[in-house]
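**Student:** Here you go, one structure.
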Amino acid sequence: MDRSALRTYGTQQVMTSSPVKLVALLYDKAIVSLREAVEAIESGDVQARWKANNRATEILTHLCTTLDHESGGDIARNLHQLYQFMLGRLFEVDMKNDAAAAREVIGLLEPLRDSWRELAEQTHDSSQTVLPQSRPSLDTAARKEAPGADHPQPSEPLDLSA
């Protein structure tokens, strides 16, 4: 499959996903990016490592900065602390060319991603008969990440296609 077809498929997947599913997709993209960073470290490709790690950093920064601490309570505070820890580890990936730090963050992201996937499936199953009239944008969907952890609208949409 060529690159433009993959990009089109990715865009369609994002535009047709529920807000909860979008969070799982963000986690997926961060995990894939960090796996690419590990591969680049192992092959000695500094530029590829930086690019992949930067993509994961952008995703985690987006997730962290869009948390609504007022509505999210303890969940938002805990996620904020976890995201900050992960961002610190991603700094180590670049500064020390540290594959172990990337693997550690992958290990933290995978259970979060799995939980959001499960929530997306439960949400989809319980709302199958009630479909929205229009699809929210990625910005709007990101604000509706989860009950109790609502996010304000980010200043720029996050590109998942890279």
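**Student:** What single numbered condition from (1) in contact (Cβ under 8 Å) with a residue 60 or more places away in the chain; (2) closer than 18 Å to Leu26 by Cα fails to hold for Thr61?
**Tutor:** Of the numbered conditions (1) in contact (Cβ under 8 Å) with a residue 60 or more places away in the chain; (2) closer than 18 Å to Leu26 by Cα, the odd one out for Thr61 is (1).
**Student:** While we're here: Pairs only if they're at least six apart or on different chains, beta carbon under 6 angstrom, first in segment 96-122 and in contact (Cβ under 8 Å) with a residue 60 or more places away in the chain and at positive phi, second in a helix (DSSP H, G or I) and surrounded by fewer than 17 Cβ atoms within 10 Å (Cβ to Cβ); list them, first residue then second.
**Tutor:** none
**Student:** Within the set of pairs 6+ apart or on separate chains, which have a first residue in segment 28-40 that is more than 9 Å from Ala56 (Cβ to Cβ) and in contact (Cβ under 8 Å) with a residue 24 or more places away in the chain, a second that is of a type outside the set (Asp, Glu) and in a helix (DSSP H, G or I), and C-beta atoms under 7 Å apart?
**Tutor:** Asp28/Arg113; Arg35/Ile106; Val38/Ala99; Val38/Ala102; Val38/Arg103
**Student:** Could you check segment 22-61 and list, in sequence order, the residues that are of a type in the set (Asp, Glu) and more than 21 Å from Asp114 (Cα to Cα)?
**Tutor:** So in segment 22-61, the residues of a type in the set (Asp, Glu) come out as 28, 36, 39, 42, 45, 58.
Passing the criteria: Glu39, Glu42, Asp45.
**Student:** Mind counting the residues in segment 92-116 that are surrounded by fewer than 16 Cβ atoms within 10 Å (Cβ to Cβ), under 16 Å from the mean Cα position of the chain (by Cα) and of a type in the set (Gly, Ala, Ser)?
**Tutor:** 2
**Student:** Sticking with this structure for a sec: Out of all the residues in segment 59-91, which are more than 19 Å from Glu110 (Cβ to Cβ) and either among the acidic types (Asp, Glu) or buried (at least 19 other Cβ atoms within 10 Å of the Cβ) (or both)?
**Tutor:** Scanning segment 59-91 gives Thr66, Leu67, Asp68, Glu70, Gly72, Asp74, Ala76.
**Student:** Mind checking which residues of segment 47-81 are hydroxyl-bearing (Ser, Thr, Tyr) and at pLDDT below 95?
**Tutor:** First pass over segment 47-81, keeping only residues hydroxyl-bearing (Ser, Thr, Tyr): 57, 61, 65-66, 71.
Within segment 47-81, Thr65, Thr66, Ser71 meet the criteria.
The values are calculated or read from the model by the stated rules, or taken from the named source; none is laboratory data. Keep in mind it's a predicted model, so treat the numbers as computed, not measured. Every residue, glycine as well, gets a Cβ built from its backbone with ideal geometry; the counts of neighbours run over all protein chains shown.
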